[in-house]
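Scroll down for the structure; my scribbles are underneath it.
The values are calculated or read from the model by the stated rules, or taken from the named source; none is laboratory data. Everything quoted here is computed from the prediction, not taken from an experiment. Reconstructed Cβ throughout: ideal geometry from the backbone, glycine too, with neighbour counts over all protein chains shown. Heavy atoms of the whole protein, side chains included, go into the accessibility calculation; ligands, DNA and RNA do not. Shrake-Rupley method; radii C 1.70, N 1.55, O 1.52, S 1.80 Å.
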Amino acid sequence: MRELYQFHGGIHPPSNKTQSTRVAIAHAPLPSMLTIPFHQHAGETAKPVVKVGDHVLKGQLIGLPDGFVSSAVHASTSGTIAAIDMQLIAHPSGLPNLCATLIPDGKDEWIALEPVADYRSHSTTELQQLLRMAGVVGLGGAAFPSDIKLRIGKQKINTLILNGAECEPYITCDDMLMRERAAEIVQGAEILRFMLDANEVLYGVEDNKPEAIAALQQAIAASKLNHEVVSIPTIYPGGSAKQLIRVLTGLEVPSGKLPTDIGVQCFNVATACTAHRAIAHGEPLLSRVVTITGNVRHAKNYEVLIGTPINELVALSEALPDTDRYIMGGPMMGVPLPGVQVPVVKATNCVIAASAKLFPPLSPAMPCIRCTRCAEVCPADLQPQDLYWFAQSREFGRAQAFSLFDCIECGACSYVCPSHIPLVQYYRFAKSEIRAREHDKQLADQARERHEYREHRIEREKREKAEKLAAKAKAAKPAEPLTSQQQAEQAELEARREHIREVAQSAVEHTTERNGD
Amino acid sequence: MLNALLVMAGIAIVLGAVLGYAAIKFHVEGNPLVDKIDAVLPQTQCGQCGFPGCKPYATAIASGEANINKCPPGGEEGIQKLASLLGVDPIPFGGDTQPKPKSVAIIDENTCIGCTLCIQACPVDAIVGAAKQMHTVVASECTGCELCVAPCPVDCIIMKPIEEKISNWKWKYPVYALTESAATAGAAR
Amino acid sequence: MLFSPFISKPDSVSAIMLKVLLALLPGIAMYVWYFGPAILVSITLASITALSTEAAMLKLRGRPIAPFLKDNSALLTAWLLALSIPPLAPWWLVVVGTAFAIAIAKQLYGGLGNNPFNPAMIGYAVLIISFPVHMTHWLAPHGLGDGGLVLAELSYAQQLQYIFSGALPQGLTLDAISMATPLDTLKTHLHLEESVQQILHMTIYGQIGGHGSEMVAWGFLFGGLYLLATRIISWHIPVAYLGTLFAIAGIFHLVDPAHYVAPLFHLFTGAAILGAFFILTDPVSSPTTNKGRLIFAAGAAFLTYMIRTFGGFPDGVAFATLLMNIAVPLIVLYTQPTVFGKKAQGDKP
Ligand code: SF4
Ligand code: SF4
């Protein structure tokens, strides 16, 4: 038995997972229309490389990675690009983002695939590029491009962790994937291990998924690989990367650092599965497993094409009539959807149909009574009640001093708060406010620099001109006077300069004046 | 009685000496005040404060010649920051200076005659273009100062407020029935 | 729009406060058993005063009234204060104390969650400074009445009459029908150069503490254990408080048993148990870090012992609590736990 460690706090919300694990993963039928966002991953938006009206094949590249942290986007099926414009996506802002609308032709025709027969004969850089172009990103929720996580530089990676904890209530997509596709996960994990050159491979799976653990163990035994499945205690947020690393290795990722800095890297099990398909079959990431659950008649997991509208998906599971909104992700960290037509993206692990009965609205928030129940459950050892105080009074500096940015927004504190304070909401507000300020500060510094440079330049130009004039005057003294034409030219030049100065000056006055009325 | 007085006086002298020594010994050579104020100002260089730029305004504040509520681009936030930096009470914007949404200048490229007047007005060199050629504003460098708008002889520069996109979207202050008043109380503190 | 988390634990401030009120019941039952139902009168009076003061203040401050009245925190303040005042106190004493506690010590500081001091203890402190005479005349336990501890024991009707009209039956004075607390008595007699052993033979004393009052303390201890078991309070404050009080009292007792009473006596007299489980543990005015709670409670225990033994007031719990309340922000600042991922660097805010 491996020695396990603990992290501080944690909660045990009702898991509500059994509803959606009764039947096997079903294939969702081809939707009538697909909306494929160009920004499905952390980092830069992919650059569209198709035009409206283009016919595309399944797996064809439609968005090229743009920038270091970016990933490719592909057509999930064959069909015609009907539009490239701003569409609603699953984002807490409810704002639209750039998407391609794809009308399937129903043939589901693949492009020519280029599988890699023996990945061991390729360099890690080549494999990274393959994953990048296959659009492989973390499927646990953050959608961080996997190739970046595999670029580790000189760091020696000791442990590769496959995250199958799936600690959020309701979500079962990883559970079902582990039960049904353990062999592919193990193959994918081995590819990742090879790329990282890690010494050991650990699968962290919460002990409420005995079938998944058994399936993984079988697959590992069959593959004769030296991987290890570790059953970890069920506690939320045990599936958060930093907490999982702590449980399995006893190490804490230092604040502001990456897991690789302590020789650990962590991937979701579903990411390993797609990595395997991308390398061994040449298939880009076109679909994923999504749990449809909550207020529906048939809670189930579906293999869904990226871009499928949520409403077509939910219809398969028959949402009950009192459903009043949909949530993407789990009940602890999920995002409320701004509309039912938003598409499934690479980060969509679960869609919950919610009703007032399922998630009853909280009674109004009361003042904090400093009971510290929040501090007791905080997995980051923070003092949420203090952070809340600083955030609500906009004391951002102190919030930062009290480690606001070490908060993982797990929501455990809000879950237990007897005063029903939306604590995480305050942290999100404070964090985004601080980020915006830092950005503004940067812009201001940049502007100051440019302004100072400009002043300096003008100064220099003036001086140089004066010097030149003086030199000329000296040289010209014995020479004959300027011709009348030259004189006229110079006068005109001078007049023009004067005019510009005047205009610029009046601009200053003008703006101040206009602000006056 | 006399002893007590002497003891007290002695203590006072010793403590005074310690304090004086500490003041010299631990004296921090801070940035001059002007730089500190300048660091808080938004560097829009718009001159709306009545000074030809942020640094001159900072200098005026430092010498007590200008109030701290003259900078619209800085917003209420800026006033708050200046107030806490200078240890004075924040004052609201006066009737004539009001903050507005942050904007960028946009040149209508069809109308532009390439006169270069705007280039000379831009305090941060954010406009590119040569004489008789179309000009463009480098949006990422534009501070939204509006100084280029007036000089344009063909009125082809407009100020466009920066719209909210996913990339610059911010979480809003949580507003919930009961906590709202608590929040305002907190903000006022 | 509502954001995550969408689920929450079924719990509320009023449920927590209600549980604390429930936990006070065993102690109150003991109180009634040994000292008669007069305490119920003051608890009722205090409750009514607290609720109406709270409502009036909320109205004045323009805050919603219903949710705050339902949070049970005003009731808790009222009960704790009533339990610290002699049951025989005139009605206005209870009313003034409670109104002060709620209006000044709680609402003027911003209401629920914002009071730096424990409101009940502020109320108590105001009363004992302003009306020391009324605050030191306590009922004697049943059966030790006539001739034992007090000259005459009042019937319940007579007690009621005194509380509301201040009238005593013919020929009786307040001194004749009431007694000082066991702690007070001990202090007085120690001043008379009697030894602890001699004093403890008086009828006012029971097995470990005061006769009757020690049983009330057991009642509170029982309720306190319920609070611990239901995790309403953490163990840090009660354990550190009682432990430190025991240790300090033990040291003094070992050095000079004739002048310093045994440590258990300190735990079971006065408001020590009540304070350890119910007063010092008030979440609003106590530290939020576990280490801080230990320091806070130990400090309070030290002050309690010092005030009891060397000070002029009959009990030290209230003043010890208030004094330590002042130190809470500082204690919290210096006892911040290490944040996840900052252990190695060891940098703290
Ligand atoms: S759980 Fe809520 S009421 Fe309790 S300390 Fe935390 S924020 Fe305050
Ligand atoms: S949301 Fe942040 S503060 Fe709250 S429990 Fe999670 S990590 Fe701690």
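Suppose a student asked you for the relative contact order of region A:80-229, using Cα pairs under 8 Å spaced at least 6 residues apart; what percent would you report?
17 percent
From Cα pairs below 8 angstrom and at least 6 apart in sequence, can you work out the relative contact order of region A:200-296, rounded to a whole percent?
18 percent
Answer with one residue from A:CYS350, A:VAL296, A:ALA319: the one whose Cα lies farthest towards the positive end of the charge dipole of the protein assembly as shown, charges on Cβ with Lys, Arg +1 and Asp, Glu -1.
The Cα lying farthest towards the positive end belongs to A:CYS350.
How large is Rg/Rh for region C:11-179, to two decimals, with Cα atoms and a Kirkwood Rh?
With Rg and the Kirkwood Rh in hand, the quotient comes to 1.02.
Looking at the calculated P(r) for region C:185-277, what percent of the C-alpha pair distances fall above 17 Å?
Above the 17 Å cut-off, region C:185-277 has 53 percent of its Cα pairs.
Taking each residue of A:484-492 in turn, how many C-beta atoms of other protein chains fall within 10 Å of its C-beta, and what is the average?
The shielding value for this peptide is 0.
Largest first and to the nearest Å, give the Cα extent of region A:147-195 along each principal axis.
The Cα atoms of region A:147-195 stretch 39, 23, 18 Å along their principal axes.
By average Cβ neighbour count within 10 Å, what is the ranking of A:355-363, A:297-305, A:420-428 from highest down?
Put in order of decreasing packing, that is A:420-428, A:297-305, A:355-363.
Could you name the aspartates and glutamates whose alpha carbon sits less than 15 Å from that of B:LYS36, not counting residues in the same chain fewer than 8 places away?
Qualifying aspartates and glutamates at Cα under 15 Å: A:ASP445.
What stretch of chain B, leaving out the sites themselves, is the longest with no GluC sites (Glu not before Pro) in a DSSP loop having at most 12 other Cβ atoms within 10 Å?
Formally, the longest exposed-site-free interval is B:110-162.
Please compute the alpha carbon radius of gyration of region B:32-86, then divide it by the globular-protein estimate 2.2 N^0.38 Å. Two decimals is fine.
The value comes to 0.94.
So what are the three principal axis dimensions of region A:322-444 from its Cα atoms, in whole Å, longest to shortest?
Each principal axis gives a Cα extent; for region A:322-444 these are 43, 41, 24 Å.
Within chain B, which complete DSSP H helices have Cα atoms spanning at least 18 Å along the helix axis and a mean Kyte-Doolittle hydropathy of 0.5 or higher?
Helices meeting the span and hydropathy rule in chain B are B:2-25.
Just tell me which lysines come within less than 24 Å, Cα to Cα, of B:LYS132; anything on the same chain fewer than 8 places away is out.
Candidates past the 8-residue exclusion: A:LYS462, A:LYS465.
Please list, by residue number, every one of the chymotrypsin sites (Phe, Trp or Tyr not before Pro) in region B:1-71 that is coil in DSSP and has at most 13 other beta-carbon atoms within 10 Å.
In loop regions of region B:1-71 (DSSP not H, G, I, E or B), the sparsely surrounded chymotrypsin sites (Phe, Trp or Tyr not before Pro) are B:PHE26.
Just tell me which lysines come within less than 22 Å, Cα to Cα, of B:LYS170; anything on the same chain fewer than 8 places away is out.
Excluding near neighbours in sequence, the set is A:LYS431, A:LYS441, B:LYS81, B:LYS100, B:LYS102, B:LYS160.
Roughly speaking, to the nearest percent, how much of chain B's 1.4 Å accessible area is carbon and sulfur?
63 percent
What's the angle, to the nearest 10 degrees (0 to 90), between helix A:423-476's Cα axis and the longest principal axis of chain A?
20 degrees
Which value, in nm² and rounded to one decimal, describes the direction-averaged projected area of the C-alpha convex hull of chain A?
35.7 nm²
What figure, in Å² to the nearest 10, do you get for the accessible area of C:LEU160 with a 1.4 Å probe and non-protein molecules left out?
80 Å²
Sequence gap at least 6, Cα distance under 8 Å: using those rules, report the relative contact order of region C:261-342 to the nearest whole percent.
On the way: 65 pairs, mean separation 26.3, N = 82.
In percent, rounded to a whole number, it is 32.
Any idea of the accessible area per residue across region A:129-168, 1.4 Å probe, to the nearest Å²? Write down the numbers at each step before the final one.
Details: 1360 Å² over 40 residues.
Spelled out: the 1.4 Å probe surface of region A:129-168, per residue, equals 34 Å².
Please give the solvent-accessible surface of A:LYS257 in Å², to the nearest 10, using a probe radius of 1.4 Å with every protein chain present.
The accessible area comes out at roughly 100 Å².
Can you sort C:ILE326, A:ILE89 by solvent-accessible area, 1.4 Å probe, largest first?
Largest accessible area first, the list is C:ILE326, A:ILE89.
How large is the Kirkwood hydrodynamic radius of chain B, counting all unique pairs of alpha carbons, in Å?
20.8 Å
To the nearest 100 Å², how much accessible surface do chains A and B cover up together, summed over both, with a 1.4 Å probe?
Approximately 4200 Å² gets buried when A meets B.
Calculate how large, on average over all directions, the projected area of the Cα convex hull of the protein assembly as shown is; give the answer in nm² to one decimal. Present the calculation step by step, with values, prior to reporting the outcome.
Details: hull surface 248.7 nm².
The orientation-averaged projected area of the Cα hull of the protein assembly as shown comes to 62.2 nm².
Using only the Cα atoms of chain C, build the gyration tensor, take square roots of its eigenvalues as a ≥ b ≥ c, and label the shape rounded, prolate or oblate: rounded if a/c is under 1.5, else prolate if a/b is larger than b/c, else oblate. Working shown, then result.
Values: a/c = 2.12, a/b = 1.30, b/c = 1.63.
Here chain C falls in the oblate category.
Name the residue, out of C:THR281, C:THR309, C:THR203, whose mean-square fluctuation peaks in a Gaussian network model built on chain C with Cα pairs under 10 Å.
C:THR203
Principal axis lengths of region B:101-163 from Cα atoms, whole Å, largest first?
31, 20, 17
Protein chains only, probe 1.4 Å: how do C:HIS142, C:HIS137 rank by accessible area, largest first?
Largest accessible area first, the residues go C:HIS142, C:HIS137.
If you roll a 1.4 angstrom probe over the protein chains with everything in place, what fraction of the accessible area of region C:181-334 belongs to carbon and sulfur, to the nearest %?
72 percent
Between region A:31-53 and region A:296-375, how far is it from one alpha carbon centroid to the other, in angstrom?
Spelled out, the Cα-based centre of one part sits 24 Å from the other.
Can you list the residues of region A:370-390 whose accessible area drops by at least 30 Å² going from the chain on its own to the full set of protein chains, with a 1.4 Å probe?
Those residues are A:ARG370, A:THR372, A:ARG373, A:GLU376, A:ASP381, A:GLN383, A:TRP389.
Keeping all protein chains in place, calculate the accessible area per residue for region A:407-481 (probe 1.4 angstrom), answer in Å². Walk me through the intermediate numbers first.
Details: 4490 Å² over 75 residues.
Each residue of region A:407-481 exposes 60 Å² on average to a 1.4 Å probe.
Please list B:CYS115, B:CYS49 in order of solvent-accessible area, largest first, computed with a 1.4 Å probe with all protein chains present. Before the final figure, lay out the partial values.
Details: B:CYS115 45, B:CYS49 25 Å².
Largest to smallest exposure gives the sequence B:CYS115, B:CYS49.
Provide, for chain C, the number of lysine pairs with alpha carbons under 30 Å apart, each pair being eight or more places apart or on different chains.
Lysine pairs meeting the criterion: 16.
Taking the Cα atoms only, what angle lies between the long axis of helix A:124-133 and the longest principal axis of chain A, rounded to 10 degrees?
Taking Cα atoms only, the helix is inclined about 90 degrees.
Taking beta carbons within 10 Å but only from partner chains, what does the mean come to for residues C:330-340?
5
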